[in-house]
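Reading through the structure tokens given below for one structure.
Every number here is computed from the coordinates shown, using simple stated rules; none is lab data. Computed from a predicted model, the values in this text were never measured in an experiment. A quick note on method: Cβ atoms are made from the backbone with ideal geometry, for glycine too, and the neighbour counts reach across all protein chains shown.
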Amino acid sequence: MILFKKSQPLLQFLSEERAKGKKIGFVPTMGALHEGHISLLSAARQENELVVASIFVNPTQFNDPTDFQKYPITLEKDIDQLIIAGCDILFLPDVAEMYPDGTSQLPYYDLGAIETRWEGKYRPGHFQGVCVIVHRLLNIIQPHGLYMGQKDYQQCMVIQKLLQLSGLENDIQLHICPTLREENGLAMSSRNMRLSNGGKDKAGIIFQALMTIKTNLSAGNLSQLRANAQEKMEAAGFTVDYVAIAAANDLAEVHVWEGKQKLVAIVAAYLEDVRLIDNISINE
Ligand code: AMP
């Protein structure tokens, strides 16, 4: 695996590889890697000649400074895992490399309604920060395929919109990969490292709540089904930002379901001061 810390040499290297006809797959991450990240690398490995991963804890997407300060960093372990997963290139820039002109004047992306729903509402500015960094990374790496996790469902929608807005949608294909889970259903996440063992056990309730929505889904008014899931989580000690049933295509909340529209159940909640998010499709 080749490690690049600067964008210019990486850009140069990749343009030569691209000129040789090599297909490039890209997996952006914030490090503290787990099997979920590795599954994205495996998907990229299968479909590309060159696999690039990035590790960059992007300051502009954190609306909560404590969350940023406490974000886990496990670089040596990450590098070992990337080598084992067959990653060809790791891009490991620092903040000055990605934000040479600072972070106070950044471009604005007109993402439409998706920006203000759910994560956008509870984490103001988050998706703008995500767009800034992903756009910059894409301009450097110019991959054929971009591999992201369904775990961050709304983020995938935002990135698809970013590709449209920046005229990249014909050049870069977004591959959305399934969520990897622990045995108890807890979606793997770097933030899980901040939970106690008891917390990790309890956090399985998030998946149970989502599955209860899926199992009991029927056409008609969904408010009781939604409220029951929230109650189940609150009774277990979670502080819930939202539990909702939403349209799979735009994440607008669905209160009354006619029985056909594709739906996702989405959740964001705190446990032990750690903010956890998850989602599942409930009527594939
Ligand atoms: P992060 O390092 O949290 O920014 O995540 C990097 C990428 O890994 C994003 O595309 C995430 O959606 C994806 N990812 C995070 N957790 C999982 C998971 N449990 N299963 C699959 N992909 C994941």
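Laid out as a table, the results:
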read-out	value
Percent RCO, i.e. relative contact order, over segment 2-157, from Cα pairs under 8 Å lying at least 6 residues apart	35 percent
Residue 56 long-range amide H proximity, modeled H, under 5 Å	29, 30, 31
Table column - 3J(HN,Hα) (Hz), segment 185-190, Karplus curve with 6.51, -1.76, 1.60, x for Gly and Pro	x, 4, 5, 4, 7, 4
Residues of segment 264-278 with amide N under 17 Å of a point placed 7 Å along Cα→Cβ from residue 184	269-278
Sequence ranges 173-181, 274-282, ranked by mean other-Cβ count within 10 angstrom, highest first	274-282, 173-181
Ranked list, fewest to most other Cβ atoms within 10 Å of each Cβ, for 109, 147	109, 147
D_trans [Stokes-Einstein, Kirkwood Rh over alpha-carbon pairs] for segment 149-208, 10 °C, 1.306 mPa s, µm² s⁻¹	119 µm²/s
In degrees, nearest ten, helix 153-165 long axis to first principal axis of the chain (Cα)	50 degrees
Highest-fluctuation residue, 204, 129, 112 considered, GNM on the chain with Cα pairs under 10 Å	112
Relative contact order [Cα under 8 Å, 6+ residues apart], the chain, whole percent	17 percent
Theoretical gain in end-to-end length, residue 249 to residue 57 [0.36 nm per residue, Cα-Cα removed]	66.3 nm
Distance between segment 44-66 and segment 104-155 - C-alpha centres, whole angstrom	12 Å
Given 121/202; 5/202; 6/77; 5/70; 77/200, the pairs whose alpha carbons are separated by over 29 Å	5/202
Angle in degrees between helix 223-235 and the longest Cα principal axis of the chain, rounded to the nearest 10	80 degrees
Antiparallel %, DSSP beta bridges [both residues in the chain], to 5	50 percent
C-alpha long axis of helix 35-47 to longest principal axis of the chain, angle in °	50 degrees
Value of relative contact order over segment 143-284, rounded to a whole percent, pairs C-alpha under 8 Å and six or more apart	22 percent
Sum of -39500 (n - 2.57) over DSSP H runs of 4+, divided by residues of the chain (222 nm, nearest 500)	-11500 deg cm²/dmol
Ratio Rg/Rh, restricted to the chain and using Cα atoms, in which Rh is the Kirkwood radius	0.97
Fluctuation leader among 251, 14, 165 - the chain, Gaussian network, Cα springs under 10 angstrom	165
